[in-house]
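One structure is given here, and the rest of the page talks about it.
The values are calculated or read from the model by the stated rules, or taken from the named source; none is laboratory data. Here the structure is a predicted model, which is why all the values come from computation and not from measurement. No Cβ is skipped: glycine too gets one built from the backbone with ideal geometry, and neighbour counts run over all protein chains shown.
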């Protein structure tokens, strides 16, 4: 398969022009996704539509997103959430799903603990490394 560098550069320019974090293009069974992974500070984040400036979450163990995507707190709409505040969980237990490119990626807890705070809302876009839950 030959990589179309011109198309990738064009998609990258669209990311910058429209202030996007990712863009996907499909032509038949050829699919290209271009995403940027940048560290943003609060002043930049505050100006992006749909995102809010992160609040001080306090102390505890943070479980972070392994990828860029959309966070879901339950396995399907209307179903019981994977975890609730105050619930005791085990290392490796699924705390939520992050969907990327129509693939549902289970996010496991990195340690045993109790859910102190859920830091994202259902259906919220998340970035790589963004804190999802806080454990105590």
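Residues in the range 67-106 that are in contact with a strand residue (DSSP E or B) (Cβ under 6 Å, 6 or more places away or on another chain) and not in a loop (DSSP other than H, G, I, E, B): 15 in all.
Which of the residues spanning the range 1-41 are out of contact with any helix residue (DSSP H, G or I) (no Cβ under 8 Å at 6 or more places or on another chain), modelled with pLDDT under 75 and surrounded by 11 or more Cβ atoms within 10 Å (Cβ to Cβ)? Within the range 1-41, 37, 40 qualify.
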